[in-house]
Amino acid sequence: MVQEGKANLEAQIDQLLNIEKQMRLAGDVAGTKKAVTDILQLCFEAKDWKTLNEQIVNLSKKRGQLKQAVTAMVQQAMQYIDETPDINTRIELIETLNNVSTGKIYVEIERARLIKRLAKIKEEQGLIAEAADLMQEVAVETFGAMAKTEKIAFILEQVRLCLDRQDYVRAQILSRKISPRVFDADPSKEKKKPKEGDNVVEEAPADIPSLLELKRIYYELMIRYYSHNNDYLEICRCYKSIYEIPYIRENPDQWIPVLRKICWYLVLAPHDPMQASLLNSTLEDKNLSEIPNFRLLLKQLVTMEVILWTSLWNTYEKEFVNENSMLGGPLGPKAAEDLRQRIIEHNILVVSKYYSRITLTRLAELLCLSIQDAEKHLSDMVVSKALVAKIDRPKGIVSFVVAKDSNDILNSWATNLEKLLDLVEKSCHQIHKETMVHKAALKV
């Protein structure tokens, strides 16, 4: 019975192959497309997967095979992938279609989708390195006919797999293929009729997320990338971009955890102009009043007053631990240590604003540290050029006075002389005025 069925299938295929040959040689596009899809349909209905694979390869290698026929064949066969009986048959069919579409620009989008499906199967099997290598073979940014959202989703999948295998260098290279400005574009304004001769851009498949959802995924992946080297300021900027997504700002359950993370990473980021700018703009946010503890924390950082580490940690330790169960997970393995470091740096900057000279003993007392630790933290800040200071170790005195060069000294002298001459001129004028008043009084 099986033998009869197989012989019958082969006879039907041979008959259709003859029709396909006639149509192909005659250059009949519609007829050739119908013949090749009918052959595939026969194999599929008979559930003869081996013959299906053989016919796909055979038809694609026919002399003078039409591009439209190959495209129709690949698209038809892709619909059968989900109908395969087991994982091995599925992989075999995907690899056959991949080999057929390799090097053919007219089925590049189909090949990209096939690679993505194959990579997903490999990932499910635990072969993350193999899945990442597969995805990196395809450069979707050069595909003119692929929808923008599908391109972005594909590149983001490449970045995610690189991060999963801890290949941070390649992840950064791939992430640079996406410009953050692309997420701010208005999709409604971009839909314009294609001009004659332009590539027709295909519609993105239904499973591709919207542009705003892709924006969130992009910044979540960038947070994962920046977290591996504890770049707190960049992590904060990523959370800031997520916070500005309209559907997140409308839902307090979503924006509160994001705003908490922004506040924490602002505090953890080293002091520089960008951090100061972000800190001030975040303080102006009205939503911050919903989480008063964090408003107070940021307020302490912008106020030029010494912060006591012990009281601060006692107040915020519970909030710090709570972050582990919130969006984005823990703040990082070194976060608690870095938080203390930032508070010490803030306190040293405050001291440098109020004192031109101070003893090391008094500085250590204000920072609640030992003299050795205070000296170490101060030296680190001088090396990183966060502030200017000199330590006279024999005398135990720290000087925060900035050394002036010869030009600055000459400029200050010139300014002082100008002020002095101005005062002399005013004095002369007043004396002359008084003399005139007295002479007038004597005459009377």
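The values are calculated or read from the model by the stated rules, or taken from the named source; none is laboratory data. Because the structure is a prediction, the values reported are computed rather than measured. We place every Cβ from the backbone using ideal geometry, glycine too, and count neighbours over all the protein chains shown. Just the protein is used for accessible areas: all its heavy atoms, side chains included, with ligands, DNA and RNA removed. Shrake-Rupley method; radii C 1.70, N 1.55, O 1.52, S 1.80 Å.
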Simple Cβ-charge dipole of region 218-305, Lys/Arg +1 and Asp/Glu -1, about Cα centre, in debye nearest 20: 80 debye
Where trypsin sites (Lys or Arg not before Pro) in DSSP loops with at most 13 other Cβ within 10 Å are excluded, longest remaining stretch of the chain: 196-333
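Give the average over all directions of the projected area of the C-alpha convex hull of the chain, one decimal, in nm².
About 40.8 nm², averaged over all directions.
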Distance (nanometres) between label positions extended 7 Å along Cα→Cβ at VAL424 and VAL182: 7.0 nm
Most to least accessible of LEU363, LEU387 (protein chains only, probe 1.4 Å): LEU387, LEU363
Among VAL306, VAL402, GLY144 - extreme Cα towards positive end, dipole of the chain, charges at beta-carbon: VAL402
Cβ-based charge dipole, the chain, positive-most Cα from LEU283, ILE217, LEU42: LEU283
Gained length - GLU130 relative to VAL169, 0.36 nm times residue gap less alpha-carbon distance: 12.3 nm
Karplus 3J(HN,Hα) series, Hz, for region 141-158 with 6.51 cos²θ - 1.76 cosθ + 1.60 (x for Gly, Pro): 5, 8, 7, x, 8, 7, 4, 4, 5, 5, 4, 4, 4, 5, 5, 5, 5, 4
Residue-wise HN-Hα coupling along region 35-42, computed from phi with Karplus coefficients 6.51, -1.76, 1.60 (Hz; x: Gly, Pro): 5, 5, 5, 5, 4, 5, 4, 4
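For the chain, what relative contact order do you get, as a whole percent, if you take Cα pairs closer than 8 Å and at least 6 residues apart?
7 percent.
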Lys, Arg +1 and Asp, Glu -1 on Cβ, resulting dipole of the chain about Cα centre, debye, nearest 20: 1600 debye
Amide H contacts of THR359 (H built 1.01 Å from N, under 5 Å, at least 5 apart or other chain): VAL398
Angle in degrees between helix 371-383 and the longest Cα principal axis of the chain, rounded to the nearest 10: 70 degrees
Charge dipole of the chain about the Cα centre (unit charges at C-beta), most positive-ward option of THR315, VAL159, THR359: THR359
Global form of region 1-158, assessed from the alpha-carbon gyration tensor, a/c cut-off 1.5: oblate
3J(HN,Hα) from dihedral phi, region 278-292, Karplus parametrisation 6.51/-1.76/1.60, rounded to Hz, x for glycine, proline: 5, 4, 5, 5, 5, 5, 7, 5, 5, 5, 5, 5, 6, 10, x
FRET efficiency estimate (nearest 0.05) - Cβ-Cβ, ARG393 to ARG249, R0 41 angstrom: 0.15
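Nearest 0.05, what FRET efficiency do GLN41 and ASP231 give at R0 = 51 Å with Cβ-Cβ as r?
0.40
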Additional length obtainable on full extension of the chain from THR435 to LYS334, 0.36 nm per residue less Cα span: 28.8 nm
Label-point separation in nm, ILE409 to ASP380, each point 7 Å along Cα→Cβ: 3.5 nm
Amide H contacts under 5 Å for ALA147, placed H, 5+ residues apart: GLU202
Computed label-point distance, nm, for sites VAL402 and GLU92 using a 7 Å Cα→Cβ extension: 7.6 nm
